[in-house]
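Below: the structure, in structure tokens.
The values are calculated or read from the model by the stated rules, or taken from the named source; none is laboratory data. Values in this document were obtained by computation on a predicted structure and should not be read as measured data. Please note: Cβ atoms are built from the backbone with ideal geometry, for glycine as well, and neighbour counts cover all protein chains shown.
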Amino acid sequence: MSGTNKVMIMARACIKCREYVIVEPNNPKNQISIKQFEENHRGHNLVTLDLDEVRNQYIEFEFDVRDL
Ligand SMILES: [Zn+2]
């Protein structure tokens, strides 16, 4: 191993609506976005996966925290 790790960016995605939100573990505002995303997709098929798997196929959910 060379020691160069690819940083994997994770996304929370709704399979039903084909929408996703990027997961940023160190960003407190992101936690609010994810919570809102999960609220919007309550009862849907939510999965956590590599962003690369959804980036070009799903729509990004953009939640503006200032709207709260
Ligand atoms: Zn949904």
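The table below lists the values:
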quantity	calculated
Meets criteria (away from the ligand (no atom under 15 Å from the Cβ), in contact with a Ser or Thr (Cβ under 9 Å, 6 or more places away or on another chain) and at negative phi) for ASN5	no
Whichever residue in segment 10-33 is among the basic types (Lys, Arg) and modelled with pLDDT of 95 or more and, among such residues, is nearest to the ligand (Cβ to nearest atom)	LYS16
Of all residues in segment 49-68 being closer than 23 Å to LYS6 by Cα and more than 16 Å from the ligand (Cβ to nearest atom), the one that is surrounded by the fewest Cβ atoms within 10 Å (Cβ to Cβ)	ASN56
Matching residues, segment 1-14, being surrounded by 15 or more Cβ atoms within 10 Å (Cβ to Cβ) and either assigned to a loop (DSSP other than H, G, I, E, B) or in contact with a helix residue (DSSP H, G or I) (Cβ under 6 Å, 6 or more places away or on another chain) (or both)	ALA11, ARG12
Failed criterion for GLU38 (all others in (1) within 9 Å of the chain's Cα centre (by Cα); (2) farther than 19 Å from ASN56 by Cα; (3) among the acidic types (Asp, Glu) hold)	(1)
All positions within segment 34-48 that are surrounded by 15 or more Cβ atoms within 10 Å (Cβ to Cβ) and either more than 9 Å from the ligand (Cβ to nearest atom) or more than 8 Å from ARG12 (Cα to Cα) (or both)	ILE34, GLN36, PHE37, HIS41
